[in-house]
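The values are calculated or read from the model by the stated rules, or taken from the named source; none is laboratory data. Quick caveat: nothing in here was measured; it's all calculated off a predicted structure. FYI the Cβ positions are ideal-geometry reconstructions off the backbone, even for glycines, and counts take in every protein chain you see. Ligands, DNA and RNA are stripped out before the accessible areas are found, and what is left, the full protein with its side chains, is counted by its heavy atoms. Shrake-Rupley method; radii C 1.70, N 1.55, O 1.52, S 1.80 Å.
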Amino acid sequence: MLKVHNPKTIAPPTGRYQHAIEVPAGARTLYISGQVGNLPDGTLAQGIDAQAEAVWRNIAAILAEAGFGLGDLAKVTVLLVDKAHIGAARVARDKILGDTRPPASTLIVVDALASPDFLIEIEAIAAKA
């Protein structure tokens, strides 16, 4: 079981994330490469809403393939090319995560990703005891 750490001695998280997630000794760990908004047929979803949802669906599929679930996510790093996309990224995250405990999270706005067509990329780490 992953342990959440949100100390009462610091301000609470300002969004749907945890300050820290502790992975117990001996847990299986899965490192997920940065996922972009590619659909199962290899085409790129169009627009930030569709790309963000595709990214989260890809992460969910990778987790499932490895025998993990969304609740096993320990850390995600979200990269966006436009700060105006933050809201759409959060909507997609919340749609896919639902009531699942959110992971520790970092959001970074960058000038560009590997392709000028990519609007979002998310890498993740999951752990399962």
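What the table shows:
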| quantity | calculated |
| --- | --- |
| Residue count, region 1-20 (criterion: assigned to a strand (DSSP E or B) and among the hydrophobic types (A, V, I, L, M, F, W, C)) | 2 |
| Residues of region 35-53 classified as farther than 15 Å from L97 by Cβ and either without any contact (Cβ under 8 Å) to a residue 60 or more places away in the chain or open to solvent by 30 Å² or more (accessible area, probe 1.4 Å) (or both), total | 12 |
| Positions within region 73-95 being open to solvent by 30 Å² or more (accessible area, probe 1.4 Å) and touching a residue at least 40 places away in the same chain (Cβ under 8 Å), in sequence order | K75, L79, R90, V91, R93, D94, K95 |
